[in-house]
2 protein chains.
Amino acid sequence: MSFQKLDDLGHKLEALEHALAILGADEATHMAVGGGEKRAEAMSALAGMHHARATAPEIADWIAAAEQETLNEEQQAAVKEFRRQYTNLTCLPVEFVERQTTARMRSEQLWRDLRAKNDWAGFLPALEGVVALVREEAALRADVLGLDPYDALMEQYDPGNRAADITPVFAELKTFLRDFVPEALAVQDERLAKHPLKPLSGSYAIEKQRELGLAMMAAVGFDLTHGSLSVSHHPFCGGVPSDVRITTRYKTSDFLSALMGVLHETGHALYEQNLPQAWAHWPLGKARGMAVHESQSLFVEKQIGRNPEFWRWALPVVEKHLGEAWSIEDILPHVHRVERGLIRVDADEVTYPLHVILRYELEQELVSGRLEAADLPEAWDAKMRDYLGLSTIDIPADGPMQDVHWPGAAFGYFPSYTLGAMMAAQQWAALTRDHPCADEDLAKGNFAAINDWRRQKIWSQGSRWSTPDLLERATGEKLNATHFTEHLRKRYGEVLKGA
Amino acid sequence: MSFQKLDDLGHKLEALEHALAILGADEATHMAVGGGEKRAEAMSALAGMHHARATAPEIADWIAAAEQETLNEEQQAAVKEFRRQYTNLTCLPVEFVERQTTARMRSEQLWRDLRAKNDWAGFLPALEGVVALVREEAALRADVLGLDPYDALMEQYDPGNRAADITPVFAELKTFLRDFVPEALAVQDERLAKHPLKPLSGSYAIEKQRELGLAMMAAVGFDLTHGSLSVSHHPFCGGVPSDVRITTRYKTSDFLSALMGVLHETGHALYEQNLPQAWAHWPLGKARGMAVHESQSLFVEKQIGRNPEFWRWALPVVEKHLGEAWSIEDILPHVHRVERGLIRVDADEVTYPLHVILRYELEQELVSGRLEAADLPEAWDAKMRDYLGLSTIDIPADGPMQDVHWPGAAFGYFPSYTLGAMMAAQQWAALTRDHPCADEDLAKGNFAAINDWRRQKIWSQGSRWSTPDLLERATGEKLNATHFTEHLRKRYGEVLKGA
């Protein structure tokens, strides 16, 4: 039976994925510094074995045969998602993948070196090579998938996401934010003029911060028997659903950045820990995609973790671990700090979408050929000045060189961040319709009903539906910018001013 | 070129071994408790992939063809060792391996449960099944390898070791120890009567003990850029040569057990870290076998770490980390403590070989059929009373049920422990002939010349020679019990009494 062949293959692929995931997490947390070269060799060989097994030609026959077998509805969905993944994995010729891998690795290495030197001219030829290959990739994918080129790229990260659906929503959001960013800053200035910012001073031992993080993780729903918290230079959520590895980094002078990072990664982890276990070795049982994953991390970090009600419960927990008795009025100005800046990863939730929309617009033009890499510094600067009133013309390192995505040939990924933020707001709105006392739950540190809703609507669904369908099934409507803009207005706008 | 095919295969096998080694070490140190089931599934699937690749029928052709190719001497040695490993890996029929794996896993699980309950009768049927299969395995291996059945089992762990060579050496050692154990105990009693044992009291924080262990590891030659020290329930040396993971366990009330454990595992680690890197992906580049590996750990733990000269250097290091100013006279009675006991893993270096010789004798009789599993409690008890004056007849849990080896079907492994101890003593004797001031080096904490000798004679040789040939090339003579008995006599005998 061909379904069984796919099932057996799934177990083998899962074992290799398990090894790659744990080796990857281990590399960032526990590996000896000199172990990197052999680790890279081993992971490259294991990834090659995975790719060879996952793309073997006979799998096409197994899928076709399985589609003719008598299967229940869930099994049919599993085969359908297997086909989708197989098509995406096999739509590029091997010679193209090899050419692109070489170019990407060279470009990433160069980028690491030249970004530190702010050397755009030195980096440009490598980026031009990557852009040329991405145009080729988009055309190849578009051809196989019957999609527009940029949609075919996004399809890798969020199945079903289409520029035709996203662009009008982003346009609405952009229009809103151009007015709202100045408003939020004015509100903040006015508030700070009345109540100057009280520094959350003090030195907080890493061990105490770690205990605080673990307490928060556990309270929010992280299963500590199926995961752990360690330290790494760049925080991440990795590992496998049965053993999710999240990391953070600590500064003794700033407990809040580590804690908010832990909450963010906990959001990713909850999704992984609550995926349907019976399908763990099938594409069906995996997380849906990047935007949905980001919606889960942002749900915990922004919708829950920066909600004032949450802090009614959280402050005594902080006090217990750090010994500081701050008030809500002390902490919220830090948690809700808004600031215009050049760097996307440092941005707050109000300004962040403008960074993403800028990239979304530019990368579509790069892929279509309407823009060349050589013209990026000017195009970037023009949009930065327009959206955030800041110029990057003299600092390409903080302009088009700031992210690893383009040097790494990952075009079509950026929109996932802001789609995730919007979807998180839309999920919170739907949740509070179904469960009106969600705010009161937060104030009591009671996350059970909130997580039950998320488990039922999102986590248990695995990859059963496309990204837009999953959102619509969970919230009852298509992607709607209003939920996010209302969320920002409530938290940062004039209304709050009088509160 | 077939040599190149073997080389390519070696890289793939090395990647899978890398994954298995790191996943195994991770499981014991950093894995979440609930991650075990999926980890076991993944490791079992990866081990299956490794076995399938390592035993593929076409490899026989590649080896045969490579043997006809023009190769340099080292390449020829590499192919020869590849053939040896391939023969050992493929000499059992698949149906036998499957039967044995099932029986062994069931027997190990039962053993874990029933040993705790001292339930020999409940465990016996499982052990009888394992013994029957081991007899079958020994016959199968003997047939392919042209060896005696017990030799064919030992061949897996120490290529070249033969009962005909080992038995007379063990007989000499046994004769010596039957007289020497009482002598050493009498010497100890007399000394303790004069100078009562001073407890190494105090509570030593784990973090301080860890720093002490790391300082000792580094001093003895462990490369901390290619390895690390963590905590696990059972101490081990794992990982890969580029990233050796050693572990220990701490008791705040007893710093010495953790420290001596760290030195023991450091001995294993030095061997791994100093294997010939260019051959890391070939059998030639791997450690020779269990007895040689044990000789390296015991070299550091016993020859170096319990040498009084070592403590002249080590005590100030201990004082620096633990703040205790002990004298040589305070520490040596602890480091050289001799005690008759039932449990092998708790035994000191004087009594330990008698535990091993007992097992060596009994397992040969079990494999040959001269002894049945049902008769083990009596046979074990008789030898324990004879060799150590202790009875186990009422406590099979501390008699024939005490080790995992037999429940796990590992027959032919036990002699490696004592062969390792003897080989370590023989290596120390050869080293001091070549380098007469080794003792003075220890007293200064200077391990460079000692490690240079070991690197040249043992570590750099990988699997180039059989176990007995490696020993003979390194020390200039065959296995000779005298070096070990002289070592014991000097450290624990009458001579020391007056010192």
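The values are calculated or read from the model by the stated rules, or taken from the named source; none is laboratory data. Remember, it's a predicted structure, so these values are computed and weren't measured experimentally. In this analysis, Cβ positions are derived from the backbone assuming ideal geometry, glycine residues included, and neighbour counts consider all displayed protein chains. Heads up: the accessible areas ignore ligands, DNA and RNA and are worked out on the full protein's heavy atoms, side chains in. Shrake-Rupley method; radii C 1.70, N 1.55, O 1.52, S 1.80 Å.
Quick notes
- Test set (1) under 24 Å from A:GLY420 (Cα atoms); (2) without any contact (Cβ under 8 Å) to a residue 40 or more places away in the chain; (3) open to solvent by 60 Å² or more (accessible area, probe 1.4 Å) - A:PRO182 fails condition number: (3)
- Residues of the range A:30-42 satisfying the condition of being at the interface with chain B (Cβ under 8 Å from one of its Cβ atoms) and open to solvent by less than 40 Å² (accessible area, probe 1.4 Å): A:MET31, A:ALA32, A:GLY34, A:GLY35, A:ARG39, A:ALA42
- Matching residues in the range B:19-29 - criterion: being among the polar types (S, T, N, Q) and at the interface with chain A (Cβ under 7 Å from one of its Cβ atoms): none
- Residues in the range B:51-69 that are open to solvent by 40 Å² or more (accessible area, probe 1.4 Å) and either within 14 Å of another protein chain (Cβ to nearest Cβ) or of a type outside the set (A, V, I, L, M) (or both): B:HIS51, B:ALA52, B:ARG53, B:PRO57, B:GLU58, B:ASP61, B:TRP62, B:GLU67, B:GLN68, B:GLU69.
- Residue tally, condition among the polar types (S, T, N, Q) and in contact (Cβ under 8 Å) with a residue 12 or more places away in the chain, over the range A:33-73: 1
- Any hit, the range A:445-457, residues being crowded, with 17+ Cβ neighbours inside 10 Å, touching a Lys or Arg at 6+ places or on another chain (Cβ under 8 Å) and at pLDDT 95 or above: yes
- Residue check for A:VAL94: out of contact with any Lys or Arg (no Cβ under 7 Å at 6 or more places or on another chain), open to solvent by 70 Å² or more (accessible area, probe 1.4 Å), within 14 Å of chain B (Cβ to nearest Cβ) and not polar (S, T, N, Q): no
- Test: A:LEU192 is surrounded by fewer than 22 Cβ atoms within 10 Å (Cβ to Cβ) and assigned by TED's automatic domain parsing to the domain that holds A:ILE458: yes
- Scanning the range A:206-223 turns up no residue that is on the phi > 0 side of the Ramachandran plot and surrounded by 22 or more Cβ atoms within 10 Å (Cβ to Cβ).
- Top-ranked residue in the range B:268-278 [being in a helix (DSSP H, G or I) and touching a residue at least 24 places away in the same chain (Cβ under 8 Å); ranked as surrounded by the fewest Cβ atoms within 10 Å (Cβ to Cβ)]: B:GLN277
- Residues that are among the hydrophobic types (A, V, I, L, M, F, W, C), assigned to a loop (DSSP other than H, G, I, E, B) and closer than 20 Å to A:MET43 by Cα occur at least once in the range B:31-49.
- Test for A:ASP243: is it touching a Ser or Thr at 6+ places or on another chain (Cβ under 9 Å) and under 12 Å from A:ALA269 (Cβ atoms): yes
- For the range B:302-316, the set of residues classified as under 25 Å from A:ALA32 (Cβ atoms) and surrounded by fewer than 23 Cβ atoms within 10 Å (Cβ to Cβ) is empty.
- Against the criterion of being among the acidic types (Asp, Glu), surrounded by 24 or more Cβ atoms within 10 Å (Cβ to Cβ) and either touching a helix residue (DSSP H, G or I) at 6+ places or on another chain (Cβ under 8 Å) or at pLDDT 95 or above (or both), A:GLU265 qualifies.
- Failed criterion for A:LEU13 (all others in (1) at the interface with another protein chain (Cβ under 9 Å from one of its Cβ atoms); (2) open to solvent by less than 30 Å² (accessible area, probe 1.4 Å) hold): (1)
- Subset of the range B:237-252 (residues that are of a type outside the set (S, T, N, Q) and surrounded by 18 or more Cβ atoms within 10 Å (Cβ to Cβ)): B:CYS237, B:GLY238, B:GLY239, B:VAL240, B:PRO241, B:ASP243, B:VAL244, B:ARG245, B:ILE246, B:TYR250
- Restricting attention to the range A:279-308, the residues that are of a type outside the set (Phe, Trp, Tyr) and not in a helix (DSSP H, G or I) total 9.
- Among (1) modelled with pLDDT of 95 or more; (2) over 26 Å from A:ALA45 (Cα atoms); (3) not small (Gly, Ala, Ser) - the single one B:GLU95 does not satisfy: (1)
- Of the strands (runs of 3 or more DSSP E) that lie entirely inside the range B:218-258, those containing 1 or more residues that are away from chain A (no Cβ under 13 Å) and of a type outside the set (A, V, I, L, M, F, W, C) span B:243-248.
- Residue in the range B:397-420 that is out of contact with any helix residue (DSSP H, G or I) (no Cβ under 6 Å at 6 or more places or on another chain), closer than 23 Å to B:GLN156 by Cα, in the same structural domain as B:GLU272 (by TED's automatic domain parsing) and charged (D, E, K, R) present: yes
Residue by residue, here is whether (1) open to solvent by less than 70 Å² (accessible area, probe 1.4 Å); (2) at positive phi; (3) assigned to a helix (DSSP H, G or I); (4) in contact with a Pro (Cβ under 7 Å, 6 or more places away or on another chain) holds:
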position	(1), (2), (3), (4)
B:LEU71	yes, no, no, no
B:VAL79	yes, no, yes, no
B:TYR86	yes, no, yes, no
B:LEU124	yes, no, yes, no
B:LEU140	yes, no, yes, no
B:ALA152	yes, no, yes, no
B:GLY160	yes, yes, no, yes
B:THR167	yes, no, yes, no
B:ALA171	yes, no, yes, no
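- Considering A:LEU332, A:LEU358, A:LEU354, the condition of being assigned by TED's automatic domain parsing to the domain that holds A:LYS174, under 23 Å from A:ALA429 (Cα atoms) and crowded, with 20+ Cβ neighbours inside 10 Å is satisfied by A:LEU354 alone.
- Of the numbered criteria (1) surrounded by 15 or more Cβ atoms within 10 Å (Cβ to Cβ); (2) more than 19 Å from the chain's Cα centre (by Cα), the one A:PRO468 fails is (2).
- Output for the range A:259-281, where each listed residue is of a type in the set (A, V, I, L, M, F, W, C), within 18 Å of the chain's Cα centre (by Cα) and within 13 Å of chain B (Cβ to nearest Cβ): A:ALA269, A:LEU275
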